[in-house]
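See structure below.
Each reported figure results from applying straightforward, stated rules to the coordinates on display, with no laboratory input. As the structure is a prediction and not an experimental result, all values here were calculated from the model. Positions of Cβ are backbone-derived with ideal geometry, glycine not excepted, and every protein chain shown enters the neighbour counts.
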Amino acid sequence: MLPVPGDISDEASVRGMVETVIGGFGRVDVLVNNAGVSHIVPAEETTLADWRRVLEVNLTGSFLMSREFGKEMLRAGSGSIVNISSVAGLLGIADRAAYNASKHGLIGLTRTLAAEWGGRGVRVNAVCPGWVKTEMDLEDQAGGDYTDTDIEGRTPMARFARPEDIAQAVAFLAAPELSGYVNGHTLSVDGGWYGDGSWESLRRGKQGL
Ligand SMILES: NC(=O)c1ccc[n+]([C@@H]2O[C@H](COP(=O)([O-])OP(=O)(O)OC[C@H]3O[C@@H](n4cnc5c(N)ncnc54)[C@H](O)[C@@H]3O)[C@@H](O)[C@H]2O)c1
């Protein structure tokens, strides 16, 4: 294992990460763009500085990482990039203008890179997790935006995602022997959230909550 700290929104830092990884391993097979920041504020109160910061990390950072690590994959003629988007990359969720725009943009980036690089052996896919109990969730809940009950109530499977739910989807998309013809796909791992158009009482009745 080779830990390589860096700031994905900084071009020089990203180049440094590529140099360290290639110096250490000589090649790169998989890139998972997982780093991200949350931002929960009404749209009309979102400052330009906050908008830029969220887009810089979640979208520009994933672009820079994909561009620089992608060059190495293209040189080798193989590789898999997995972008971690969100339910918020597929649906509007109030008070998250910058975050949602960044996660929608990441799906657009995924599809475009898949179209450009698939013929040269580099697959690019996205995973859209539902809510997971991480630092991000703890901080967002501490801000009073929502509770566990809100998330469980909105999810047909009536629970949060477990980290391994997301990791298994990423491992599938990373492995050419499992997903070698999957390219430009957006895989929801959300307990059914995105597919569910039920009204609240109907959903809760089916959940048995
Ligand atoms: N937790 C959820 O419910 C949830 C749901 C859907 C999608 N996601 C997405 O999953 C990914 C992981 O989220 P998480 O819940 O583990 O969040 P987290 O806040 O627990 O972890 C995010 C990580 O990103 C790193 N990071 C932030 N800015 C960075 C930068 N500029 N350069 C390098 N690293 C940086 C942080 O240091 C941290 O380690 C994010 O892209 C998030 O948007 C999370």
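Just how many % of Cα pairs in the stretch 127-209 lie over 17 Å apart, if you round to the nearest whole percent? Cα-Cα pairs of the stretch 127-209 separated by over 17 Å account for 55 percent. Sequentially through the stretch 184-189, phi angles give Karplus couplings (6.51, -1.76, 1.60; θ = phi - 60°) of x, 8, 10, 9, 6, 10 Hz, Gly and Pro residues having no value and appearing as x. Label zone (Val182, point 7 Å along Cα-to-C-beta; backbone nitrogen cut-off 18 Å) within the stretch 27-47: 29-34.
Applying the Karplus relation 6.51 cos²θ - 1.76 cosθ + 1.60 with θ = phi - 60° to the stretch 125-133 yields 3J(HN,Hα) values of 9, 10, 10, 10, x, x, 6, 10, 7 Hz, where x marks Gly and Pro. Straight Cα distances below 24 angstrom link Lys206 to the lysines Lys133, with same-chain residues fewer than 8 positions distant left out. The modelled label-to-label distance for the pair Arg15/Tyr194, using points 7 Å beyond Cα in the direction of Cβ, is 3.5 nm. Net length available on complete extension from Ala142 to Ile22 is 39.2 nm, with 0.36 nm assigned per residue and the Cα-Cα distance removed. For the chain, pairs of C-alpha atoms spaced more than 24 angstrom apart make up 45 percent of the total.
Here the label points at Asp50 and Ala76, each 7 Å from Cα along the C-beta direction, are separated by 4.0 nm in the simple model. Sites listed here are trypsin sites (Lys or Arg not before Pro) in the stretch 1-100 whose DSSP assignment is loop and whose Cβ has at most 16 other Cβ atoms within 10 Å: Arg27. Taken as Cα centroids, the stretch 43-98 and the stretch 143-187 sit 17 Å apart, rounded to the nearest whole angstrom. From its DSSP helices (H runs of at least four residues, each -39,500 (n - 2.57)), the chain gives a residue-normalised ellipticity at 222 nm of -14000 deg cm²/dmol. With the simple model of a label 7 Å out from the Cα in the direction of the Cβ, Arg159 to Asp7 spans 4.0 nm.
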